[in-house]
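Read through the structure below, which is laid out as structure tokens, and then see the notes.
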Amino acid sequence: MKNCSVIRAAVGLSLVSGILCLCGRAEAQPVQLKNDSAQIPLSGGTFPAAIQVGFGPGEEALAIFAVPVGTSFPLEVSSLGLLWFSQFSAQLGPDFGGTQTLQEGFKFYAGNSPDPRTMTLVTTTNPPQLTDGFFNVFNLAGESVVISNPVTYIGASLQFDTQASAGDYTNQAPNGSLAAASVCYDRTSGNPNLNWIFSPTATATSTGMRSGWIRYQDLRASVNSQTPPSGFDLVLRIFIQPHIVPCTVDINGDGVVDGSDFTAFINSFGVGDPAIDPAADYNVDGLIDGNDFVAFINDFGAGC
């Protein structure tokens with residue numbers, strides 16, 4: 001939301017038309033997307049889900065979320081939550097004391113079908129350190145998980161440690177055993193098209209799953225000889241919010257685009273050295289020249 005009005009800023013002997021624009025805008029609250037029914041936080045001593053073990057190095061556990069109708073783009077995924085637990089955490093080994101594990105990263109996908117085989121990979125985050133026995137929540141503000149173009153589905157996955165070997169409890173490997181921590185699933189809902197598992201190779205997993213993407217419930221049916229149940233949704237959630245592009249033309253950062261920003265730019269342009277005053281290096285190419293002036297004037301006229 002902005003409030004703009006025409007002003008005139010005196011620069012030397014000339015008058016330059018500009019825009020007075022209040023750059024402040026209402027902050028939208030993040031919207032939680034989930035497809036599981038587990039009660040979080042944990043309460044009453046009752047664990048609301050079960051542990052899925054048997055993952056191999058480099059495999060992914062993915063949940064797909066429908067984007068609410070009317071969502072504005074670009075949007076960003078501001079945080080992610082994942083339920084991470086083990087049955088016998090004391091046996092995890094000395095490297096993480098039975099309490100924490102380090103995985104490869106979270107991966108985010110986007111598309112218009114709830115099928116990861118047709119979705120586009122948006123980004124992969126830095127390796128997350130997961131705490132056993134908790135709903136782990138990660139702030140993704142520094143990861144730039146931004147989806148620019150309108151889509152109807154977002155996928156989020158945890159990729160397991162690519163360096164770990166199954167059953168290795170002393171080298172950051174929570175992948176293969178009941179003693180190891182892993183992702184959890186609920187027991188009550190059931191969205192069979194929204195939960196998927198990926199294996200990079202046919203032999204990567206201790207369950208013997210074929211390579212590529214497979215629906216989680218189909219995996220349980222084919223590998224574990226189980227009838228696809230009505231539940232079994234991965235307890236993985238994301239929070240989305242509008243992506244706010246910084247107001248770069250607000251040179252002095254006071255929340256208003258006005259003559260003082262124009263003056264600040266002109267002063268910096270006169271210095272001509274981004275190492276001394278970088279404000280006039282508007283296109284951030286390491287130079288202060290006519291390209292910066294044109295870019296600034298265009299943005300100044302448009303406001304924020």
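The values are calculated or read from the model by the stated rules, or taken from the named source; none is laboratory data. All values reported here derive from a predicted model rather than from experimental measurement. All Cβ positions, even for glycine, are placed from backbone atoms using ideal geometry, and neighbour counts span all protein chains on display.
Quick notes on this one:
- When the stretch 283-303 is filtered for residues that are at pLDDT 90 or above and either β-branched (Val, Ile, Thr) or touching a Leu at 6+ places or on another chain (Cβ under 6 Å) (or both), the ones remaining, listed by number, are ILE288, VAL294, ILE297.
- Number of positions in the stretch 111-157 that are within 11 Å of the chain's Cα centre (by Cα) and either surrounded by 15 or more Cβ atoms within 10 Å (Cβ to Cβ) or of a type in the set (Phe, Trp, Tyr) (or both): 14
- Boolean, PHE232 is over 27 Å from SER72 (Cβ atoms) and under 28 Å from the mean Cα position of the chain (by Cα): yes
- Residues of the stretch 93-134 that turn out to be part of a strand (DSSP E or B) and modelled with pLDDT under 95, as a count: 8
- The stretch 237-251, subset of a type in the set (Val, Ile, Thr) and buried (at least 20 other Cβ atoms within 10 Å of the Cβ), residue farthest from PHE262 (Cα to Cα): ILE238
- ARG8 passes every criterion in (1) modelled with pLDDT of 50 or more; (2) in a strand (DSSP E or B); (3) of a type in the set (D, E, K, R) apart from (1).
- Some residue of the stretch 273-282 being among the acidic types (Asp, Glu), at pLDDT 80 or above and within 31 Å of the chain's Cα centre (by Cα): yes
- Residues that are modelled with pLDDT of 75 or more and either part of a strand (DSSP E or B) or of a type in the set (A, V, I, L, M) (or both), drawn from the stretch 214-239: ILE214, ARG215, LEU234, VAL235, LEU236, ARG237, ILE238, PHE239
- Condition met for GLY290 (farther than 26 Å from ALA141 by Cα, in contact with a strand residue (DSSP E or B) (Cβ under 7 Å, 6 or more places away or on another chain) and surrounded by fewer than 19 Cβ atoms within 10 Å (Cβ to Cβ)): no
- Subset of the stretch 190-213 that is in a strand (DSSP E or B) and surrounded by fewer than 18 Cβ atoms within 10 Å (Cβ to Cβ) - its residue that is modelled with the lowest pLDDT: GLY212
- Selection count, the stretch 258-300, where residues are touching a Ser or Thr at 6+ places or on another chain (Cβ under 8 Å) and assigned to a helix (DSSP H, G or I): 4
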